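First up is the structure itself, then whatever we jot down about it.
The values are calculated or read from the model by the stated rules, or taken from the named source; none is laboratory data. Here the structure is a predicted model, which means the values were calculated and not measured. Every residue, glycine as well, gets a Cβ built from its backbone with ideal geometry; the counts of neighbours run over all protein chains shown. The protein model used for the area step is the full one, side chains on, heavy atoms only, and it has no ligands, DNA or RNA in it. Shrake-Rupley method; radii C 1.70, N 1.55, O 1.52, S 1.80 Å.
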Amino acid sequence: MKIKDILNKDNLNREDLEYLMGIDSNEELDILYGKAYEVKEKNVGKKVYYRGLIEFSNICVKDCSYCGIRKSNKNTDHFMMTKEEILTSAKWIYENNYGSLVLQAGERQDKEFVEFVEDVVKEIKEMSQGKLGITLSLGEQTKETYERWHEAGAHRYLLRIETSNEDLYKTLHPEDVSHDFTTRVKSLGYLKEAGYQVGTGVMIGLPGQTTKDLVDDILFYEKYNIDMIGMGPYIIHDETPMGAEFKDMVLSKEERVKLGLKMIALTRIYLKDVNIAATTALQGLDPLGREKGLKAGANILMPVTTAAEHRAKYQLYNGKPCIDDTADQCKKCLAGRVGTVGDEIAYGEWGDSPHYFNRNKK
Ligand code: SAM
């Protein structure tokens, strides 16, 4: 079987990745996921690390054509959590021993916002006596802002490239607020220079995206020496230009889940020591999506811990799961799910990306 020959090689090339992106039978997919799980066990272990996700504001200056909280969506019920509300969520994450949290929001670069984030990061560090690891996911910022937030105590940053195909990127992002591909790539460089563990990722199953694009995405992660990957299926949001235009033209749910799992498996097999998240969007399309993600090589989960009254307002796409749940309910539900995979939750650990340390040794 050709797939077994390829998977027995120590290092895959582009042609191998393209072949593996194309496999479709359940038998071959099981072999692929099995191999990815083996590579995960060998390189990052069977521990699953949590990052409690606090989505603290849906106010955004950008107008991404796929995203429910884009600037031009007039139906967004805008909110911004107060410092106290964020600290209450952070305290819950700390007391429940999640080890790390992610602060995510729509993008803003104004002075007030930059200072607000800096203060919040410092106060979370203080509240947890330095014990909570902090990841930020707040879009494109100046190098100085990235440095300030790093100095305040954040040590990981997620900035998805969304797609490594520059032409496709252009169709997704109006350039009116300097939202261009080069700035995005440059920002990844600034993050690395500022000392962060750097995460990126893409949406999978975008209209116009090919499997060759997806292979290029994996090669992009390699080229930019990325430490953490968070990628998931594209899901329509009705109140966006892309949602309206491509209603019937996106791949079926099953196809997007399958592609999402193949991307996780191939990224694990190809890059080996990076952290890979099984994202909420996977679960948005398949109730067992996150468990399947762990089985296909992911090792990170980002349980939503956003306060109940704000959850439904952070609606990036239709049918976002868990919006009626409390953080306590999510905790119980996830622990059961991880157990079914045979992985173990690493409570209280930061779970940094081994790739970050390996690349700094070289
Ligand atoms: N503003 C920050 C940024 O752009 O990095 C963080 C927030 S942004 C909402 C987080 C991620 O949500 C984006 O990187 C994008 O990949 C994802 N997202 C937005 N709309 C989506 C959709 N319709 N389907 C799947 N993922 C989506």
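Among 132, 82, 61, which residue has its Cα positioned farthest towards the positive end of the charge dipole of the range 1-150, with +1 placed on the Cβ of Lys and Arg, -1 on the Cβ of Asp and Glu, and the dipole taken about the Cα centre?
Of the listed residues, the answer is 132.
Could you tell me the distance between the Cα centroids of the range 74-117 and the range 222-250, to the nearest Å?
Each part reduced to its Cα centre gives a spacing of 23 Å.
Which value, in Å² rounded to 10, gives the accessible area of residue 249 with a 1.4 Å probe and all protein chains present?
130
Projecting each Cα onto the charge dipole of the chain (Lys/Arg +1, Asp/Glu -1 at the beta carbon, about the Cα centre), which of 264, 102, 200 comes out farthest on the positive side?
264
Determine the dipole magnitude for the range 153-311: charges of +1 sit on the beta-carbon of Lys and Arg, -1 on that of Asp and Glu, nothing else is charged, the reference point is the Cα centre, and the result goes in debye to the nearest 20.
Value, rounded to 20: 680 debye.
So with the 1.4 Å probe, I'd like the accessible area per residue for the range 226-279, rounded to whole Å².
For the range 226-279, the per-residue accessible area is 32 Å².
Can you tally the net charge around residue 326? Count Lys and Arg as +1, Asp and Glu as -1, for every other residue whose Cβ sits under 14 Å from the Cβ of residue 326.
So the environment of residue 326 carries a net charge of -1.
Structure shown: which of 143/170; 83/313; 2/262; 131/272; 46/91 lie over 20 Å apart, alpha-carbon to alpha-carbon?
Flagged as over cut-off: 143/170; 131/272; 46/91.
What list of ³J(HN,Hα) couplings, whole Hz, do you get for the range 43-53 from phi and the Karplus terms 6.51, -1.76, 1.60, once you set θ to phi - 60° and write x for glycine and proline?
Listing the rounded values in order: 9, 10, x, 9, 7, 9, 9, 9, 10, x, 9 Hz.
Please get the size of the charge dipole for the range 312-362, origin at its Cα centre, with Cβ charges of +1 on Lys and Arg and -1 on Asp and Glu, quoted in debye to the nearest 20.
320
If each DSSP helix of 4+ residues adds -39,500 (n - 2.57) and the sum is divided by the residues in the chain, what number results at 222 nm, nearest 500 deg cm²/dmol?
For the chain, the value works out to -14000 deg cm²/dmol.
With a cut-off of 20 Å, note down the residues of the range 242-259 whose backbone N falls inside the zone around a label point 7 Å from the Cα of residue 212 toward its beta carbon.
251, 259
Just subtract the alpha-carbon distance of residue 288 and residue 31 from 0.36 nm times their residue separation and send over the number in nm, one decimal. Provide the component values of the computation, followed by the final result.
On the way: separation 257, 0.36 × 257 = 92.52 nm, distance 1.92 nm.
Contour length minus Cα-Cα distance gives 90.6 nm.
Using a 1.4 Å probe on the protein heavy atoms, what percent of the accessible area of the chain belongs to carbon and sulfur?
After summing per-atom areas, the C and S share lands at 49 percent.
Would you mind classifying the range 95-174 by shape? Square roots of the alpha carbon gyration tensor eigenvalues, ordered a ≥ b ≥ c; an a/c under 1.5 is rounded, otherwise it is prolate if a/b is larger than b/c and oblate if not.
Judged from the Cα gyration tensor, the range 95-174 comes out prolate (a/c at least 1.5, a/b above b/c).
Let's test the formula: R0 of 35 Å, r as the Cβ-Cβ distance of residue 325 and residue 24. What FRET efficiency results, to the nearest 0.05?
Efficiency computed from Cβ-Cβ geometry: 0.55.
Work out from phi, with θ = phi - 60° and the Karplus expression 6.51 cos²θ - 1.76 cosθ + 1.60, the ³J(HN,Hα) of each residue of the range 207-223, listed in order in whole Hz, and give x for Gly and Pro.
x, x, 8, 10, 5, 5, 4, 5, 5, 4, 4, 5, 5, 4, 4, 5, 4
Quick check for me: using +1 on Lys/Arg Cβ and -1 on Asp/Glu Cβ, what's the dipole size of the range 1-160 about its Cα centre, in debye to the nearest 20?
Computed charge dipole of the range 1-160: roughly 200 debye.
Specify which residue in the list 250, 305, 353 is farthest towards the positive end of the charge dipole of the range 205-362, using unit charges on the beta carbon of Lys, Arg (+1) and Asp, Glu (-1), about the Cα centre.
It is 353, whose Cα lies furthest towards the positive end.
For the range 19-32, just list the computed ³J(HN,Hα) in residue order, Karplus coefficients 6.51, -1.76 and 1.60, θ = phi - 60°, integers in Hz, with x standing in for Gly and Pro.
4, 5, 5, x, 5, 9, 6, 4, 4, 5, 5, 4, 5, 4
Going by the alpha-carbon gyration tensor, a ≥ b ≥ c the square roots of its eigenvalues, is the chain rounded (a/c under 1.5) or, if a/c is not under 1.5, prolate (a/b greater than b/c) versus oblate?
Since a/c stays below 1.5, the shape of the chain is classed as rounded.
With a ≥ b ≥ c the root eigenvalues of the C-alpha gyration tensor of the range 238-362, is it rounded (a/c under 1.5), prolate (a/b larger than b/c) or oblate? Display every interim value, and only then the final one.
Values: a/c = 1.80, a/b = 1.27, b/c = 1.41.
Since a/c reaches 1.5 but b/c is at least a/b, the shape of the range 238-362 is classed as oblate.
List every residue whose amide H lies under 5 Å from the amide H of residue 304, counting only residues 5 or more places away in sequence or on a different chain, with H placed 1.01 Å from N in the peptide plane.
For residue 304, the qualifying residues are 53.
Going from most exposed to least, what order do 353, 252 have by accessible area with a 1.4 Å probe?
Putting 353, 252 in descending order of accessible area: 252, 353.
Output the lone cysteines of the chain: those with no second cysteine's C-beta under 4.7 Å from their C-beta.
Result for the chain is 60, 322, 330, 333, no neighbouring Cys Cβ within the cutoff.
Could you work out how far apart the two model spin labels at residue 144 and residue 13 are, taking each label as a point 7 Å from the Cα in the direction of the beta carbon, and quote it in nm?
It is 4.8 nm.
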